[in-house]
1. Tally the residues that are surrounded by 11 or more Cβ atoms within 10 Å (Cβ to Cβ) and within 33 Å of the chain's Cα centre (by Cα), restricting the search to the range 37-46.
2. Quick check: is even one residue across the range 71-87 over 23 Å from the mean Cα position of the chain (by Cα), outside any loop (DSSP other than H, G, I, E, B) and at pLDDT 70 or above?
3. Any residue that is part of a helix (DSSP H, G or I), at pLDDT 80 or above and touching a helix residue (DSSP H, G or I) at 6+ places or on another chain (Cβ under 8 Å) - is there at least one of those in the range 28-44?
4. Are there any pairs with C-beta distances below 7 angstrom linking a residue in the range 82-98 that is at positive phi and without any contact (Cβ under 8 Å) to a residue 60 or more places away in the chain to a residue that is part of a loop (DSSP other than H, G, I, E, B) and surrounded by fewer than 10 Cβ atoms within 10 Å (Cβ to Cβ), with the two at least 6 apart or on different chains, and if so which?
5. Would you check if residue 53 is modelled with pLDDT of 80 or more and in contact with a helix residue (DSSP H, G or I) (Cβ under 9 Å, 6 or more places away or on another chain)?
């Protein structure tokens with residue numbers, strides 16, 4: 001059976017390759033539009049604003065790739081940051097600074 005799970009007999013179309021029919025339709029459409037460019041250039045300025053924008057939007061669909069929804073997940077990393085400004089570290093010993101950093105890390109993480 002062709003669609004049996006684990007069947008490796010048929011390789012199918014390679015991932016990312018274009019469908020032949022879709023490719024032919026796109027090429028034909030491009031040739032058709034190419035022949036209509038002069039008529040399109042002449043008629044666009046005569047359209048009202050709404051119709052003009054509709055035509056431009058339809059043309060962009062053929063030029064720009066379609067946007068896809070991307071699912072995002074919230075990060076487990078903290079999103080709040082607090083900053084304590086110390087005027088001079090010379091007022092503190094290295095031991096006091098290390099202890100403050102360790103204490104802060106233990107309470108935050």
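The values are calculated or read from the model by the stated rules, or taken from the named source; none is laboratory data. This one's a predicted model, so the numbers in the text were calculated from it and none came from an experiment. No Cβ is skipped: glycine too gets one built from the backbone with ideal geometry, and neighbour counts run over all protein chains shown.
1. Start the filter on the range 37-46 by keeping residues that are surrounded by 11 or more Cβ atoms within 10 Å (Cβ to Cβ), which leaves 40, 43-44.
With within 33 Å of the chain's Cα centre (by Cα) added as a condition, the list becomes 40, 44.
The number of residues fulfilling the criteria is 2.
2. No, the range 71-87 contains no residue that is over 23 Å from the mean Cα position of the chain (by Cα), outside any loop (DSSP other than H, G, I, E, B) and at pLDDT 70 or above.
3. yes
4. none
5. Numbers: modelled with pLDDT of 80 or more: yes; in contact with a helix residue (DSSP H, G or I) (Cβ under 9 Å, 6 or more places away or on another chain): no.
Against the criterion (modelled with pLDDT of 80 or more and in contact with a helix residue (DSSP H, G or I) (Cβ under 9 Å, 6 or more places away or on another chain)), residue 53 does not qualify.
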